[in-house]
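The values are calculated or read from the model by the stated rules, or taken from the named source; none is laboratory data. Computed from a predicted structure; not experimentally measured. Positions of Cβ are backbone-derived with ideal geometry, glycine not excepted, and every protein chain shown enters the neighbour counts. Side chains included, ligands, DNA and RNA excluded: accessible areas come from the protein's heavy atoms. Shrake-Rupley method; radii C 1.70, N 1.55, O 1.52, S 1.80 Å.
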Amino acid sequence: MKRTWISSIALAALAGLSGVASAQTVLKIGYAVPTNSHYGVGSTVLCDEIEKGTQGRYKCQQFPSSALGGEREMIEAVQLGTLDIVNTSTGPVGNFVPEVKIVDIPFLFRDYDHARRVLDGPIGQDILAKFSSKGLVALAWTENGFRHMTNSKRPIVKPADAAGLKMRTMENKVHMDGYRAFGIAPTPMAFPEVYGALQQGTVDGQENPIPVILASKFAQVQKHLSLTGHVYSPALFITSPRVMGKLSEADKKVFYAAAIKAAAAQRKRVNDDENTGIAQLEKDGMSVVRKVDGQAFRDALREPYASYAKEFGADNIRKIQDFK
Ligand code: EAX
């Protein structure tokens with residue numbers, strides 16, 4: 001009697017142990033800028049919420065600061081299965097999911113509230129549904145922010161001031177077509193190369209949201225900041241059917257709910273950085289043009305807008321612009 005009693009306790013202990021040992025999956029998540037950034041905040045909340053909601057069965061390992069390459073490479077890694085999640089701007093995403101490109105049109109969104117309502121509403125959700133046919137799963141829209149121009153040569157108030165500048169752009173045709181209309185010579189480049197290119201003068205300038213300019217310490221290599229706000233740059237939490245296919249229905253819900261919570265935290269950090277970051281960049285030595293001639297930039301886009309209307313449908317663009 002005694003022997004079986006002891007062996008059954010031993011068995012239960014073993015089962016318990018093996019149960020715990022095989023329970024944890026580590027998810028690798030990558031993003032372009034340091035942890036102390038809007039992407040770091042969003043990724044940390046995403047990971048904390050996933051770990052909490054799955055009772056520790058899933059936890060993350062973060063790869064910030066483009067440790068795994070540029071955003072395009074990280075999206076490819078998610079498709080290949082060597083990376084589980086990427087927190088990326090939409091910059092290169094249109095090369096994988098063409099339907100995303102419409103949200104990259106310059107001066108498409110009025111302000112943050114408008115952009116967030118479009119993306120979280122039916123128009124934005126319809127775009128997320130297009131990812132699955134491309135071997136990707138978009139968990140939620142998150143946010144990079146309104147993009148502004150920096151350069152090492154001169155203040156930019158109107159397009160004529162930007163004309164002739166060699167500006168790094170994302171690998172994004174919609175952006176490049178628009179920027180050419182400003183007279184800019186667009187130089188597409190993956191984000192990890194940008195700081196070096198600015199430092200060596202390979203390019204005169206670049207354009208990014210305040211949070212990215214802050215987190216990447218561009219004030220060290222750029223003199224002029226112009227608050228052009230010429231493009232709203234969405235971001236996305238992207239994973240793969242390979243990751244999602246292993247989840248129970250309950251865990252899938254946890255992942256999607258975690259992404260919504262994380263997007264809210266990332267958006268809040270963007271607003272906080274915008275409120276305090278410009279003064280910080282001035283303190284760091286940048287000279288800031290706060291009042292640019294926005295109408296002149298919009299007027300310069302007449303031609304690109306005609307080709308955007310052909311590519312995306314004039315009413316699809318209008319639907320976004322008029323969304324309340
Ligand atoms: O997503 O490439 C860029 O300029 C992006 O804004 C940056 O990687 C953050």
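Brief remarks follow.
- Using a probe of 1.4 Å on the protein chains alone, the accessible area found for V41 is around 40 Å².
- Using the average count of surrounding beta-carbon atoms within 10 Å as a protection proxy, the listed peptides 131-137, 177-183 rank, highest first, as 177-183, 131-137.
- Tilt relative to the chain, helix 302-312 - C-alpha long axis, 0 to 90 degrees, to 10: 30
- Oblate is the label for the range 221-324. Its Cα gyration tensor axes, ordered a ≥ b ≥ c, give a/c of at least 1.5 and b/c at or above a/b.
- Of all accessible heavy-atom area on the range 70-162, the percent that carbon and sulfur account for (1.4 Å): 51
- Gyration tensor (alpha-carbon) shape descriptor, the range 86-185, a/c threshold 1.5: prolate
- log₁₀ of I(q)/I(0) at q = 0.12, 0.14 Å⁻¹ - the chain, Debye sum with one point per alpha carbon: -0.80, -1.07
- Alpha-carbon centroid distance for the pair the range 256-271 / the range 199-217, whole angstrom: 24
- With contacts taken as Cα pairs under 8 Å and at least 6 residues apart, the chain reaches a relative contact order of 25 percent.
- Of all accessible heavy-atom area on the range 176-317, the percent that carbon and sulfur account for (1.4 Å): 54
- Acute angle (nearest 10 degrees) that the helix 249-283 long axis makes with the longest principal axis of the chain, alpha-carbon atoms: 40
- The chain, accessible area per residue, ligands and nucleic acids excluded (1.4 Å, Å²): 44
- Label-to-label distance, E303 versus S152, with points set 7 angstrom from Cα along the beta-carbon direction: 2.9 nm.
- Under Karplus coefficients 6.51, -1.76 and 1.60, residue-wise ³J(HN,Hα) of the range 216-231 in Hz, glycine/proline x: 8, 6, 5, 4, 6, 10, 9, 8, 10, 10, 10, 7, 6, x, 6, 9
- Between the amide H of F109 and those of Y232, distances stay under 5 Å, these residues lying 5 or more places away or on another chain, with hydrogens modeled in the peptide plane.
- Annotation: peptides 255-267, 23-35, 142-154, 310-322, ranked by per-residue average of other Cβ atoms within 10 Å with the highest first, follow the order 142-154, 255-267, 23-35, 310-322.
- Put a dot 7 Å past the Cα of N275, heading toward its Cβ, do the same for D48, and the two dots end up 1.9 nm apart.
- Helix 2-21 vs. the chain, principal-axis angle (Cα, 0 to 90°, nearest 10): 10
- Distance from the alpha carbon centroid of the range 56-129 to that of the range 173-189 works out to 21 angstrom.
- Amide H within-cut-off set for F63, under 5 Å, with H built and near neighbours excluded: I29, G30, Y31
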